[in-house]
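What follows is one structure encoded as structure tokens, with my remarks underneath.
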Amino acid sequence: VITPPLRIDGAPGPVEWHDLECGSYRADLPLWRDLASRAGGRILDIGAGTGRVTIDLASCGHEVTALDISPVLLAELARRAGSRGLAVSTAVADARDFELYASFALCLVPMQTIQLLGGARGRGAFLAGARRHLRPGGLLAAAIANAREGYDPSAPPPDPDVAEGGGWRLESHPVALHDEPGGGTTIERLRTATGPDGQRFEEVDRVTLDPLDAATLEREGRIAGFEVRPRERIAATDVYVGSDVVMLRA
Ligand SMILES: C[S@@+](CC[C@H](N)C(=O)[O-])C[C@H]1O[C@@H](n2cnc3c(N)ncnc32)[C@H](O)[C@@H]1O
């Protein structure tokens with residue numbers, strides 16, 4: 001059971017669900033901090049969400065630009081950064097088609113966002129854009145997960161993520177994994193929210209991860225003009241699968 005801080009003014013929305021399902025993950029932060037401290041320049045966080053990684057790195061003194069396709073999540077990221085006195089830039093954009101007119105020393109793609117880009121074509125477009133935004137010698141680091149790692153369909157489902165705040169209780173139960181015909185994996189979660197006046201909302205959320213392994217992303221990186229550097233590994237935790245982190249140098 002994970003309990004990230006929950007701040008709800010009205011009914012729960014994308015920010016609260018995002019925080020509940022992603023906000024407590026910390027296993028990758030040491031790697032991003034280490035890469036950031038060695039980068040020596042501006043950092044671009046792709047699929048930054050509400051800022052789990054961006055705010056951590058900005059708190060360490062790094063200059064970070066947060067890019068996400070969701071204006072709602074980025075607005076919350078900007079609010080949180082502002083309330084901590086952190087100067088963070090935000091860009092609402094699709095990672096497959098962005099132009100920031102800026103050059104970065106490090107581009108991070110945490111938490112499998114690289115598997116949300118619509119397959120090889122989407123990744124190719126992203127890789128080309130990332131390379132254009134990296135200074136020569138700059139590094140792209142992208143985490144890849146196998147949602148089926150350690151998955152045992154006969155085992156009882158994992159504990160739900162749970163958070164409480166403002167009179168609300170949110171639960172997100174991972175209920176199923178489905179194989180897609182194209183090789184992707186759909187993760188299905190049942191979300192329930194119970195409000196202070198007994199209101200109850202229920203929805204099923206489905207996210208499909210593209211099939212991807214490190215060797216494939218490295219091959220795509222070479223095609224996009226990157227030099228492949230040694231991979232990193234983020235260990236699995238009790239709750240989260242581990243990740244391979246592909247490292248590509250511009
Ligand atoms: C799994 S969350 C990761 C959030 C955050 N990086 C973290 O580690 O907590 C994936 C994020 O990618 C964003 N995203 C999905 N597709 C995207 C796209 N095509 N371009 C930019 N962002 C995208 C989502 O809005 C979401 O915030």
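The values are calculated or read from the model by the stated rules, or taken from the named source; none is laboratory data. Note that this is a predicted model, so its numbers are computed, not measured. Reconstructed Cβ throughout: ideal geometry from the backbone, glycine too, with neighbour counts over all protein chains shown.
Data for the structure
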quantity: Tally, over region 173-197, of residues that are farther than 20 Å from PRO158 by Cβ and either of a type in the set (Val, Ile, Thr) or surrounded by 12 or more Cβ atoms within 10 Å (Cβ to Cβ) (or both); calculated: 4
quantity: Strands (runs of 3 or more DSSP E) within region 184-250 that include 1 or more residues closer than 20 Å to ALA128 by Cα and modelled with pLDDT of 95 or more; calculated: 227-234, 243-249
quantity: Lone qualifier among ALA128, ALA95 - being among the small types (Gly, Ala, Ser), modelled with pLDDT of 95 or more, closer than 22 Å to LEU212 by Cβ and buried (at least 19 other Cβ atoms within 10 Å of the Cβ); calculated: ALA95
quantity: Helices (runs of 4 or more DSSP H) lying entirely in region 1-105 (those with 2 or more residues that are away from the ligand (no atom under 13 Å from the Cβ) and within 30 Å of THR192 (Cβ to Cβ)); calculated: 71-83
